[in-house]
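Q: Mind looking over this structure? Questions follow.
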Amino acid sequence: ALEMGRDIGRAIVNARLLKLERRLVDQFRQSDRAKTSLFATVAHELKNPLTSIVGHLELLRDDPQTDSDWSLGVMERNTRRLQSLVDDLLTLAKVSDPDRPLVSGQVDLARLTQDAIDMFLPGADQRGIQLTSDLVEGLAVVDGNADELARVVDNLVSNAVKFSPDNGVVQLRTRRDADTVVLLCSDSGLGISKEDQGSLFTEFFRSTNPAALEVPGTGLGLSIVARIIARHGGTISVESELGSGTTFEVALPATTA
Ligand code: ADP
């Protein structure tokens, strides 16, 4: 009876191991699939501007009739696009690396938000967009990497301004809720459909809204933002109505010091 008991025990352990092995293989396959699809998208995104640059180079070299100002202009725009894609891809790789330490210090989100406002004010002003804020320094302090958190705030403010029509309003607020610090970035812009909201934080996602597609961008900003926030133990959520505006809410653990 003892021997039979041991056999049954072994059989149960083996069945569990087999199940675990299958689950791991499935997980690896799934992560490989995600990686392959990301590589394909990256290659595709790099290929279009490169093809255009090569095409115009050939025109300039082979056809004396080519309007060189036009060709140089197209080549410059596409080179800049390649530059921002490569910059964003490098940042995405950096903030996605689980082995890269989070250099940490006390960071005041109100301070970062004020810096972002100062940076985007001239551009917003030119389009009649009002940047308003409700910030109290010293309240919204978190432990984190100042450069990465600045990137989060800059990206949200930049999008809010980018996707607002002329004369819109962008509002920035920070507050402290018990042991959580909250940053709210609201705009009176284009808004995001319910369907698009589900894909916002996916690499290279750009809205299906034609008005939003007119605004240049890489579609990498919000995936970088989401990864930085996750690295800091926080969350990001979005509330939006097509045609009336968007609010992004970031919640991060308040400093423990
Ligand atoms: P990018 O701005 O470079 O396209 P993001 O990842 O920052 O990339 O944003 C992805 C998409 O989400 C944008 O293309 C846009 O369609 C939509 N989006 C982001 N922020 C806003 C906003 N504040 N209002 C409307 N649409 C937005």
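Q: Considering (1) among the aromatic types (Phe, Trp, Tyr); (2) within 30 Å of PRO165 (Cβ to Cβ); (3) surrounded by fewer than 14 Cβ atoms within 10 Å (Cβ to Cβ), say which one PHE120 fails and leave the rest.
A: For PHE120, the failing item is (3).
Q: Can you list residue pairs whose Cβ atoms sit under 8 Å apart, with the first residue in region 207-228 being part of a loop (DSSP other than H, G, I, E, B) and the second being among the small types (Gly, Ala, Ser) and near the ligand (Cβ under 9 Å from one of its atoms)? Count only pairs 6 or more apart in sequence or on different chains.
A: THR218/SER84
Q: Next question. Answer yes or no as to whether GLU239 is more than 9 Å from the ligand (Cβ to nearest atom), closer than 26 Å to ARG81 by Cβ and among the acidic types (Asp, Glu).
A: Considered against the rule, which asks whether it is more than 9 Å from the ligand (Cβ to nearest atom), closer than 26 Å to ARG81 by Cβ and among the acidic types (Asp, Glu), GLU239 comes out as no.
Q: Then there's this: How do the strands (runs of 3 or more DSSP E) wholly within region 133-206 filter down when requiring 1 or more residues that are touching a helix residue (DSSP H, G or I) at 6+ places or on another chain (Cβ under 6 Å): which remain?
A: Values: elements: 141-144, 169-177, 180-187.
Filter on region 133-206 gives 169-177, 180-187.
Q: Suppose we filter THR174, THR180 for residues that are among the β-branched types (Val, Ile, Thr), surrounded by fewer than 17 Cβ atoms within 10 Å (Cβ to Cβ) and over 18 Å from the mean Cα position of the chain (by Cα); which single one remains?
A: On inspection, the qualifying residue turns out to be THR180.
Q: Identify all residues within region 212-234 that are over 11 Å from the mean Cα position of the chain (by Cα) and either of a type in the set (S, T, N, Q) or more than 9 Å from the ligand (Cβ to nearest atom) (or both); write none if there are none.
A: Scanning region 212-234 gives GLU214, ALA230, ARG231, HIS232, GLY233, GLY234.
Q: Also, quick follow-up: ALA226 is checked against (1) modelled with pLDDT under 95; (2) of a type in the set (A, V, I, L, M, F, W, C); (3) over 16 Å from VAL107 (Cα atoms) and fails just one. What number does that condition carry?
A: (1)
Q: If you don't mind, there's one more thing I want to ask. Taking region 235-248, which residues are out of contact with any Cys (no Cβ under 8 Å at 6 or more places or on another chain) and open to solvent by 20 Å² or more (accessible area, probe 1.4 Å)?
A: Result: THR235, ILE236, SER237, VAL238, GLU239, GLU241, LEU242, GLY243, SER244.
Q: Take ALA34 and decide whether it is more than 26 Å from the chain's Cα centre (by Cα) and assigned to a helix (DSSP H, G or I).
A: In short, no.
Q: Can you report the number of residues in region 71-103 which are under 20 Å from the mean Cα position of the chain (by Cα), of a type in the set (A, V, I, L, M, F, W, C) and open to solvent by less than 90 Å² (accessible area, probe 1.4 Å)?
A: 8
Q: Just a yes or no: is a residue in region 104-111 outside any helix (DSSP H, G or I), in contact (Cβ under 8 Å) with a residue 40 or more places away in the chain, open to solvent by 50 Å² or more (accessible area, probe 1.4 Å) and not polar (S, T, N, Q)?
A: So far as region 104-111 goes, no, none of its residues is outside any helix (DSSP H, G or I), in contact (Cβ under 8 Å) with a residue 40 or more places away in the chain, open to solvent by 50 Å² or more (accessible area, probe 1.4 Å) and not polar (S, T, N, Q).
The values are calculated or read from the model by the stated rules, or taken from the named source; none is laboratory data. What you see is a predicted model, and the numbers here were worked out from it, not measured in a lab. All Cβ positions, glycine included, derive from the backbone under ideal geometry; neighbour counts span all protein chains shown. Just so you know, the surface numbers come from the protein's heavy atoms only, side chains and all, with ligands and any DNA or RNA stripped out. Shrake-Rupley method; radii C 1.70, N 1.55, O 1.52, S 1.80 Å.
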